[in-house]
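Written out below as structure tokens is the structure these notes cover.
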Amino acid sequence: MVEVMGGLEPAREYVLRALNAGCHVVTANKQLLAEHGEELWAAAREHGVRLRFEAAVAGVVPVIRVMQESLAGAYIERLHGIVNGTTNFILSEMARTGEPYAAALADAQRLGYAEADPTDDVTGKDAAAKMAILARLAFGTPVSLDQVVYEGIEQITSDDLAFARELGLGLKLLGTAERVDGGISVRVHPAFLYAGHPLASVSGPYNAVTIESPAITEITLSGPGAGGPQTASAVLGDVVSAMVPPAPTPEPTSALPIISDVESAFYLHLEVDDEPGVLAQVAQILGLQGVSIKSVVQEGMGEKARLVMVVHPVLESRFAAATKLIEGLDFIRAAPRAIRVLEEQFV
């Protein structure tokens with residue numbers, strides 16, 4: 001049975017009935033797997049049938065099959081993914097043309113890259129469901145959508161992208177799943193990348209996933225992440241695969257704790273009054289929270305002065321505490337804007 005209807009119900013009921021009846025199932029339903037994957041995989045194991053879902057993540061990019069088969073013996077430490085073509089197109093257009101978020105979203109809708117209601121895409125929920133599936137496969141532990149922390153791109157401005165160019169950075173909506181201190185962290189948020197990162201050059205509606213493991217160092221898979229022909233190709237590939245008996249999705253080995261407070265570098269954008277001592281006071285507050293500045297750009301005078309910086313990796317909780325204190329300073333004219341920065345580069 002092939003299920004491409006979407007939604008949780010009655011898709012869940014139909015898929016379960018097919019599996020329990022001894023029928024192989026192919027699905028492209030990421031929300032269904034993110035919410036009820038363990039139940040469905042257990043039914044497939046119990047009845048000796050296959051549940052295939054390549055089209056649920058990254059469209060025609062064969063990341064599911066590579067993780068389940070080619071890397072079955074690898075100890076995966078980290079995944080980074082651009083797994084939503086709509087947001088990647090929007091951010092690419094904002095960077096390319098300088099147009100604001102609303103105009104880039106309208107372009108995406110006009111070209112068919114965004115739905116009339118793009119909420120799941122632009123808020124990060126769609127990418128979060130996909131990262132829950134990838135994390136389950138990578139780490140062999142149950143991961144549900146409600147355990148994935150996600151942020152969207154609605155607050156990104158063209159100014160952020162302009163300053164990023166000066167700092168040698170490019171912006172992506174990035175999904176991350178990684179092992180942290182005996183647990184795992186799974187999250188989706190905007191993040192800046194340096195040019196040396198393999199995902200930095202992925203633009204437009206394309207998807208890409210980077211897999212890191214001591215056995216392989218790093219591999220990156222990329223290609224069209226959305227579209228009718230692309231999704232159909234992935235579904236038909238699963239239909240063919242279901243005719244050959246691969247190993248079923250294994251049972252979880254353990255339930256690893258979910259780590260919410262992790263280290264990250266950050267881009268910090270401050271609109272300030274142009275007066276003596278501004279940078280010194282900001283630097284002092286950051287220093288008291290253990291936040292170290294890597295690079296700084298200052299621009300403008302008077303009421304249009306802006307202070308933009310990148311800080312070295314620090315626990316997110318400490319950075320959040322620092323920005324809250326900075327927001328209360330008299331010379332701060334608007335709420336600080338912060339975006340994570342990925343430090344990794346592969347050369």
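Numbers for the structure displayed
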quantity	calculated
So Arg306, is it open to solvent by 30 Å² or more (accessible area, probe 1.4 Å), more than 16 Å from Phe266 (Cα to Cα) and among the charged types (D, E, K, R)	yes
Among (1) on the phi > 0 side of the Ramachandran plot; (2) open to solvent by less than 50 Å² (accessible area, probe 1.4 Å); (3) of a type outside the set (D, E, K, R) - the single one Gly48 does not satisfy	(2)
Some residue of region 192-202 being polar (S, T, N, Q) and open to solvent by less than 40 Å² (accessible area, probe 1.4 Å)	no
Selection count, region 116-135, where residues are under 19 Å from Met67 (Cβ atoms) and more than 15 Å from the chain's Cα centre (by Cα)	0
Considering residues of region 203-228 that are open to solvent by less than 40 Å² (accessible area, probe 1.4 Å), in contact with a Leu (Cβ under 9 Å, 6 or more places away or on another chain) and not hydrophobic (A, V, I, L, M, F, W, C) only, the residue farthest from Asp121 (Cα to Cα)	Ser213
Total residues in region 314-328, condition open to solvent by 50 Å² or more (accessible area, probe 1.4 Å) and either touching a helix residue (DSSP H, G or I) at 6+ places or on another chain (Cβ under 8 Å) or part of a strand (DSSP E or B) (or both)	2
Matching option when the condition is at pLDDT 95 or above, among the polar types (S, T, N, Q) and surrounded by fewer than 23 Cβ atoms within 10 Å (Cβ to Cβ), among Thr141, Thr157, Thr123	Thr123
Selection within region 48-77 - among the small types (Gly, Ala, Ser) and under 18 Å from Val4 (Cβ atoms)	Ala55, Ala56, Ala58, Gly59
Pair list, Cβ under 7 Å, 6 or more apart: region 155-169 residue closer than 15 Å to Ala195 by Cα, other residue among the polar types (S, T, N, Q)	Leu167/Ser295
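The values are calculated or read from the model by the stated rules, or taken from the named source; none is laboratory data. The structure displayed is predicted, hence computed values, not measured ones. Glycine also receives a Cβ, built like all others from the backbone with ideal geometry; neighbour counts cover every protein chain displayed. Please note that ligands, DNA and RNA were not included when accessible areas were found on the heavy atoms of the full protein model with its side chains. Shrake-Rupley method; radii C 1.70, N 1.55, O 1.52, S 1.80 Å.
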